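Every number here is computed from the coordinates shown, using simple stated rules; none is lab data. Since the structure is predicted, the reported quantities are computational estimates derived from the model, not experimental observations. Please note: Cβ atoms are built from the backbone with ideal geometry, for glycine as well, and neighbour counts cover all protein chains shown.
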Amino acid sequence: MRRLGLPIGRLSDEALLAGMATGDPEVALAFVRRFQRMVFGIAVAVVDDPQLAEDIAQQTFERAWRHAQVYDSRRGSVKTWLGVIAHNLAIDVVRARKATPVAPEDLDALLGVVSRTPEQWALADEAASRMRAAVAGLPREQGRAVVMAGIYGMTARQISEFEGIPLGTAKTRIRAAMGKLRTVLEPERADHD
């Protein structure tokens, strides 16, 4: 089916959101397909549980459908708006979980498990530990910016909208963080060559 002379997949994000709000199942499916990877990626990065992340992704799309009429393009893109919904729902789930105390000596082992497939365990452990340590050593604002760009796949513009900062500031934070990471990680890489 075509809308406005375009195939559904080529409609703008805003047009898909508006169409989804009308209850059109074909448009809703196109909307979900366009954003499902991003929404799931945000959720799994926050909760570190793929099944729970699927539930959060579903809740995100339900909330977007229910609140599509209040979306305001002046406050950010549909992608950013949807990302904020997913992130907030995931944070709510994390907060609702009971905290389980972890002994400091077990912390490195827990951090090493995040986002790795069995094939990557042996190869990625040392590099991941160095990268986590390097990111943890960054100033908070720079660390957030580089993680949003690297893990969430957000552009500098999306980061600026999400953080409520000027675009130039977002770019500077990413650039500064990348420079510091290079400085920290390059000498170790040269030692292994």
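Based on alpha-carbon centroids, what's the gap between the range 13-36 and the range 132-180 in Å, whole number please? Each part's Cα centre sits 30 Å from the other's. Once the Cα-Cα distance is subtracted from the 0.36 nm per residue extended length, the residue 184 to residue 10 segment shows a gain of 58.4 nm. Please give the residues of the range 11-49, grouped as numeric ranges, whose backbone N is less than 17 Å from a label point set 7 Å along the Cα-to-Cβ vector of residue 58. From the range 11-49, the list is 29, 32-33, 36-37, 39-41, 43-44, 49. Using θ = phi - 60° in the Karplus curve 6.51 cos²θ - 1.76 cosθ + 1.60, the 3J(HN,Hα) couplings for the range 132-140 round to 4, 5, 5, 5, 5, x, 6, x, 3 Hz; x is entered for Gly and Pro.
For the range 20-77, the Cα-based Rg and Dmax, in that order, read 12.2, 34 Å. With a simple spin-label model that places each label point 7 Å from the Cα along the Cα-to-Cβ direction, the separation between residue 73 and residue 26 comes to 2.3 nm.
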